[in-house]
Amino acid sequence: MERVRTQPQPQATVPAVPRVFSGIQPTGLIHLGNYVGALRQWVELQRQYESYFCIVDLHAITVPYEPAELQQRILEAAAANLAAGIDPERSVLFVQSHVPEHTELMWLLNTVTPVGQLERMTQYKEKARRSKHGVMAGLLNYPVLQAADVLLYKATLVPVGEDQVQHIELMRDIAERFNKTFGETFPLPEARLSKGARIMALNDPTKKMSKSVPGSYIALTEDPDEIRRKVRAAVTDPGPPAQGARLEDASPGVANLFTLLEVFAPEAYPRFAEAYTDGTIRYSELKQVLAEALVEALAPIRERYRRLVSRPDQVWDLLRHGAERARMVAQATMEEVRRRMGLRGA
Ligand code: AMP
Ligand code: TRP
């Protein structure tokens, strides 16, 4: 007993340089929303920070899925990340289930996570409502696994789309409660939102662009004619607004096209913004400019993606190497966490 009391508490090891962590689910084709809201930021941030990007397969299995297809989906998600510019030399790109510490930490964090807070998560409520065969505990605990993902690396910068902000606030609460109960261990993570943190579906701009709704998205690897067709078919207004209209008040479909224009054709943006307030805008023209800008921006990504998926062994090697690097950090954090929770002697 005496020995324990006089032992100094283990010092929290906080990384000297902020770390970046983010994840993407291997649930379907990666689309423009993922790219604008998340991936594009990841590519920027990796230049400056130690970065961890994770294909979150254990999150993907919380909704009905096809086991025989999961490995291919993981490969495609990894290839899309690499094709979009994630550099495996700079960043640690890996598959969540290859690092078992994620699930161990999740269990431990479950003990400091109020069920009531999980039940209040918007995404949980939505998915639970849509679920046809009852609600499984994995769906409820999804955000606890997400907290474990980030806290395992003591990451503080979490670049995501707007739909993830609530999950990140929850992981801050979990980290704070852990720190209060067991001693200062985790720095508090923060969401990093980019412009276009919420890209809407082109065919129904009141809903967000989503992998699980075919027709709602333009895949990052879409072929040029499909891109043109989908942009042409995007929902806008029947005609231009009255003169003096403000872009802030534009309908969701028009606003969405302007967001995309600002990202992919910034030089054309002011001209169309002016035409909008003048009431002279022609949406068909805007769509044409936007479609060509998208075709041009996505062409190299599509090309790299095709090359990568034709060499799956290379991608799997990269992912295995990534998991080894991730594990070094994950194991160190778990040692500290187990000690603090009394699961190991000091
Ligand atoms: P998911 O496809 O749910 O795994 O999401 C991966 C990342 O893309 C997360 O950071 C999301 O917030 C982001 N994301 C997904 N859909 C959109 C969207 N429609 N607009 C902006 N960001 C999005
Ligand atoms: N839940 C996130 C999404 O659907 C994916 C994710 C899992 C994530 N773990 C994460 C995002 C950790 C940021 C940090 O988009």
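The values are calculated or read from the model by the stated rules, or taken from the named source; none is laboratory data. This one's a predicted model, so the numbers in the text were calculated from it and none came from an experiment. Using ideal geometry, Cβ is built from the backbone for each residue, glycine included, and neighbour counts are taken over all protein chains shown. The protein model used for the area step is the full one, side chains on, heavy atoms only, and it has no ligands, DNA or RNA in it. Shrake-Rupley method; radii C 1.70, N 1.55, O 1.52, S 1.80 Å.
Structural remarks
- Taken over the range 224-234, the criterion of being touching a helix residue (DSSP H, G or I) at 6+ places or on another chain (Cβ under 7 Å), surrounded by fewer than 18 Cβ atoms within 10 Å (Cβ to Cβ) and of a type in the set (A, V, I, L, M) is satisfied by no residue.
- Some residue of the range 149-156 being farther than 30 Å from Val289 by Cα and more than 11 Å from ligand 2 (Cβ to nearest atom): yes
- If you go through the range 164-185 and keep only what is within 13 Å of ligand 2 (Cβ to nearest atom) and touching a residue at least 60 places away in the same chain (Cβ under 8 Å), you end up with just Ile174.
- Total residues in the range 88-123 satisfying the condition of being in contact (Cβ under 8 Å) with a residue 12 or more places away in the chain and either open to solvent by less than 50 Å² (accessible area, probe 1.4 Å) or outside the structural domain of Gln146 (by TED's automatic domain parsing) (or both): the figure is 21.
- Per-region count, the range 333-344, residues in a helix (DSSP H, G or I), open to solvent by less than 60 Å² (accessible area, probe 1.4 Å) and not acidic (Asp, Glu): 5
- Count - residues of the range 278-310 that are crowded, with 16+ Cβ neighbours inside 10 Å, more than 22 Å from the chain's Cα centre (by Cα) and in a helix (DSSP H, G or I): 9
- Residues in the range 23-39 that are within 10 Å of the chain's Cα centre (by Cα), more than 14 Å from Tyr305 (Cβ to Cβ) and more than 6 Å from ligand 1 (Cβ to nearest atom): 1 in all.
- Scan of the range 186-210 for residues that are within 15 Å of ligand 2 (Cβ to nearest atom), over 15 Å from the mean Cα position of the chain (by Cα) and open to solvent by less than 40 Å² (accessible area, probe 1.4 Å), ordered by number: Phe186, Pro187
- Residue count, the range 242-262 (criterion: surrounded by fewer than 21 Cβ atoms within 10 Å (Cβ to Cβ) and either touching a residue at least 40 places away in the same chain (Cβ under 8 Å) or part of a helix (DSSP H, G or I) (or both)): 10
- For the range 124-154, a tally of residues being within 16 Å of Val56 (Cα to Cα) and touching a residue at least 60 places away in the same chain (Cβ under 8 Å) returns 10.
- Here Val144, Val150 are screened, and the one residue that is buried (at least 21 other Cβ atoms within 10 Å of the Cβ) and more than 14 Å from ligand 1 (Cβ to nearest atom) is Val144.
- The set of residues from the range 43-56 being more than 10 Å from ligand 2 (Cβ to nearest atom) and touching a strand residue (DSSP E or B) at 6+ places or on another chain (Cβ under 8 Å) comprises Leu45, Gln46, Tyr49, Glu50, Ser51.
- Test: residue in the range 324-338 that is without any contact (Cβ under 8 Å) to a residue 60 or more places away in the chain and within 26 Å of the chain's Cα centre (by Cα): yes
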